[in-house]
Amino acid sequence: MDTYYEDILNKVEQLIAENDIQNAFCILEEELSMPYIPKAYEDRLISLYNDCRSQINESRKARSYGEEEIGELLHGSLEEQFLAVEQLKKSNIRNHLDEIRSYLKGNTHYFVRSCLIEAMMEQNISEEFTTEMDGLEVTFTPCFVEMPQESDGVEKAVSYLQEWFESDNPTFTMMCVESLIKEAYLRLPFTIEEDEAFDLAVDIACYVFKANEDKEGLMAFLNEKGLAQSYGYELLLSKHDV
């Protein structure tokens, strides 16, 4: 058994020395999928695996991808989908609109979808796209979608949070604002309206209190303001357990 793992390690290290990282990675991936690995060799195998994986990811980020490859990445693993978004943000996204359109019509990951919409907004894309959100078909034009942090609803919600918490707990306020911005991005291409701001601010504050497991702080806040625990604003942060 010891000879077997020594041979594996020697082979992998030789492949790495020859810069054949992909084959080394495949061998390590196969070995680490085995139900039992002697502890004396497991740490070395994991270390080499992580090194190879890191090199492969860096090489992927450094190279350019064609339209067909971008499409393959978008329909690949979650890691590959995020890699596709990184590539799209660095490129002329107009060269990949068909692939983006195909992805958005499928079973999208909520955060990848938001990142893609933001990337198209940043490059002022004026074509229409359709995506599905919670069973609802949504059609939008990226150049007409407002950046979340610039919307009247988000700005008003931030002002409520600052009014309630900033003087006594600036750290908590910062956590609330960060959560609010995440929620707004998750809702793209929808914009948060000003008349939603109060309800959203209350639910964001409750979300952060609960995330911090601060039940006393939550109840003190609600009692002081004469508020209910929820104002019916279904947070995507809670739905997706972000």
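The values are calculated or read from the model by the stated rules, or taken from the named source; none is laboratory data. For clarity, every value in this text was computed on a predicted model and none was experimentally measured. Cβ atoms come from the backbone with ideal geometry, glycine included; neighbour counts cover every protein chain shown. Surface accessibility is based on the protein's heavy atoms, side chains included, excluding ligands, DNA and RNA. Shrake-Rupley method; radii C 1.70, N 1.55, O 1.52, S 1.80 Å.
Per-structure values
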| item | result |
| --- | --- |
| Residue tally, condition among the polar types (S, T, N, Q), part of a loop (DSSP other than H, G, I, E, B) and at pLDDT below 95, over segment 130-160 | 1 |
| Pairs with Cβ under 7 Å, 6+ apart, first in segment 69-94 and free of Cβ contacts under 8 Å to residues at least 60 places away in the same chain and aromatic (Phe, Trp, Tyr), second surrounded by 15 or more Cβ atoms within 10 Å (Cβ to Cβ) and in a helix (DSSP H, G or I) | Phe82/Val112 |
| Matching residues, segment 172-196, being closer than 10 Å to Leu161 by Cβ and either more than 16 Å from the chain's Cα centre (by Cα) or of a type in the set (Val, Ile, Thr) (or both) | Phe172, Thr173, Met174, Met175, Cys176, Val177 |
| Every residue from segment 10-39 that is in contact (Cβ under 8 Å) with a residue 12 or more places away in the chain, open to solvent by 60 Å² or more (accessible area, probe 1.4 Å) and more than 28 Å from Val85 (Cβ to Cβ) | Lys11, Glu13 |
| The listed residue being surrounded by 15 or more Cβ atoms within 10 Å (Cβ to Cβ) and either outside the structural domain of Asn95 (by the TED database) or under 29 Å from Leu73 (Cα atoms) (or both), out of Glu132, Glu146, Glu178 | Glu146 |
| Residue match in segment 224-235 (condition: of a type outside the set (Ser, Thr, Tyr) and open to solvent by less than 20 Å² (accessible area, probe 1.4 Å)) | yes |
| Extreme residue, farthest from Lys239 (Cα to Cα), among residues of segment 197-211 that are over 22 Å from the mean Cα position of the chain (by Cα) and open to solvent by 10 Å² or more (accessible area, probe 1.4 Å) | Phe198 |
| Candidate set: segment 88-100, residues that are open to solvent by 50 Å² or more (accessible area, probe 1.4 Å) and under 19 Å from the mean Cα position of the chain (by Cα); chosen: the one farthest from Leu236 (Cα to Cα) | Lys90 |
| Total residues in segment 104-129, condition within 21 Å of Ile181 (Cα to Cα), open to solvent by less than 60 Å² (accessible area, probe 1.4 Å) and not in a loop (DSSP other than H, G, I, E, B) | 11 |
| Single match in Glu166, Glu122, Glu150 (criterion: of a type in the set (Asp, Glu) and in contact (Cβ under 8 Å) with a residue 12 or more places away in the chain) | Glu122 |
